[in-house]
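The values are calculated or read from the model by the stated rules, or taken from the named source; none is laboratory data. For clarity, every value in this text was computed on a predicted model and none was experimentally measured. Quick reminder, even Gly has a Cβ in these numbers, built from the backbone with ideal geometry, and neighbours come from all protein chains shown. Quick note on the areas: whole protein, heavy atoms, side chains included, nothing else; ligands and nucleic acids left out. Shrake-Rupley method; radii C 1.70, N 1.55, O 1.52, S 1.80 Å.
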Amino acid sequence: MNKKFVSSFLPCLILLFTTGCWDRVEIEERGFTIGVTVDLTENDRKSDSEEQKQFAVMHQIVVPGAFGGSGQGNGTDKKPFFNVIAEGNTIFHALRGLAGETSRTPYYEHLKIIILSEEIARSEKLANSLDLFIRDHEMRRGTKVMIADGKAQDIFDVTPPNEKLPVMYIDSVVDNAKKNARMLEKVRIGDVHEFLLEGQSFALPRISKHDQDNVKITGAAIFQGKSNKLVGFLKETETIGLNFMTGKVKSGVLETFINDDLIAYEIKEASRKIKADVNDKENMNFTINIETEGNMGEAYIGQNFLNQETIANLEKEVEKEIERLAKETVKKLQNDFKVDVIGLGNHLRQTHYPTWKTIENNWDYGKNYFVESNIEVKANVTIRRIGAVDQTKSTTIPLEMRE
């Protein structure tokens, strides 16, 4: 009797717990947010009677029905996305304010990119503007973070010719950093969270609107770890130097000259090692050894590339160029920005911990031991392939065209 009761009752019990979720949202009712920009409003408070609003948040939301196939009523004439802006004194309030402007509930599981304005980066509101995206369980730690050159919401106002969604186009451009040494490697919001918790200085990719169809991601925004404020930008060439010193170069092209003739070195591999002399913490010495292998990608030069002496000379010229770029970056970081985004502090913490404990609160702020340190950069280049050689004659490039 008990067996019959269990056999008949158990299926009913299973059905009771598989009837669905009380808080579910149908997929066609979701607003799939793939990108967010955050700007400061022009006026935090217009009058005492009006609500204070400091953040202007733009969402790029996908319209799934616009991606249908051919046929009547498939919605292919619809725009595949729409941008909507909401304002609030907090990001959370601004996001909830979207309920009054869109019929779709914002859904952040597919959020790809967060772009913050330069104005926010230069203020003390960087951490505040990212707090919700770090704190909320619905957000993803793999979301990429960038700093806009000017107003952030302008970045989404592009119409790329080969992509239907501007954010997906931007996301693809960010991933090209592995092919371009002038671009900073993508930085996830999970990485930024760690920087903020540790009070560590850091760099974020810089993005600007190139024209109506394209964006440009080059250079780096440099943040001081103690204040979390933007202290300045590195140029494209300075970003190359930073990438070599941090070991983040995956690939790319490096142009230099030999006897006034232009050559293009194709980077295939690169790594770096740091050695530190901390006997005198008031005058520490760091040596950054950069090893790279690559190919001769292009050469406007009439020399015998089968000659080992010629190849050795080419390698030395590339080494000099890498060292020059790196030293310019070090000079700017020490003299202008006074922050360590190279990773020397991390190296001290990992390999010279007793010394690090005595200076960690004055590394790149306070007494600033970083600024007083001597940093030497040495490069070692190996050219593996020269490719096919033509009879191109030497072409002299004027000095003013070498930047």
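Structure note, pairs Lys112/Lys273; Lys179/Lys273; Lys248/Lys275; Lys151/Lys178; Lys125/Lys151; Lys186/Lys367: Cα-Cα distances above 25 angstrom occur for Lys112/Lys273; Lys151/Lys178; Lys186/Lys367. In this rough spin-label picture, where each label sits 7 Å from Cα along the Cβ direction, the Lys275-Tyr300 distance is 3.9 nm.
Rounded, prolate or oblate: which fits region 131-269, taking a ≥ b ≥ c as square roots of the Cα gyration tensor eigenvalues, rounded meaning a/c under 1.5, else prolate when a/b beats b/c? Cα axes put region 131-269 in the oblate bin. For a straight C-alpha distance cut-off of 14 angstrom, the aspartates and glutamates reachable from Lys226 (same-chain residues fewer than eight places away being disregarded) are Glu124, Glu194, Glu198, Asp340, Glu360, Asp364.
For Gly31, the amide hydrogen comes within under 5 Å of the amide hydrogens of Thr105, Tyr107, counting only partners 5 or more places away or on other chains and with H modelled in the peptide plane.
Under conditions of 4 °C and 1.567 mPa s, region 197-237 yields 115 µm² s⁻¹ as its translational diffusion coefficient, taking Rh as the Kirkwood radius over Cα pairs in the Stokes-Einstein equation. Once both labels are positioned 7 Å from their Cα atoms along Cα-to-Cβ, the gap between Thr105 and His352 label points is 5.5 nm. Once you have a ≥ b ≥ c as the square roots of the Cα gyration tensor eigenvalues for region 249-347, tell me rounded if a/c is under 1.5, and otherwise prolate or oblate according to whether a/b is larger than b/c. Prolate shape, in that a/c is at least 1.5 and a/b is the bigger ratio.
Using a 1.4 angstrom probe, figure out how much accessible area region 221-336 has per residue, in square angstrom, rounded to the nearest whole.
Ligands and nucleic acids excluded, the figure is 46 Å² per residue.
Summarising the amide proton neighbourhood of Ser117: residues at separation of 5 or more, or on other chains, whose placed amide H is nearer than 5 Å comprise Val38, Ala148, Ala152. Subtracting the Cα-Cα distance of Val371 and Ala127 from 0.36 nm times their residue separation leaves 85.3 nm of extension gain.
Which order do peptides 135-143, 161-169 fall in by mean Cβ count within 10 Å, highest first? Working shown, then result.
Working: 135-143: 13.0, 161-169: 16.6.
Per-residue mean Cβ counts within 10 Å order the peptides as 161-169, 135-143.
Shown is the FRET efficiency for Glu194 and Asn259, computed with R0 = 60 Å from the Cβ-Cβ distance and rounded to the nearest 0.05: 0.80.
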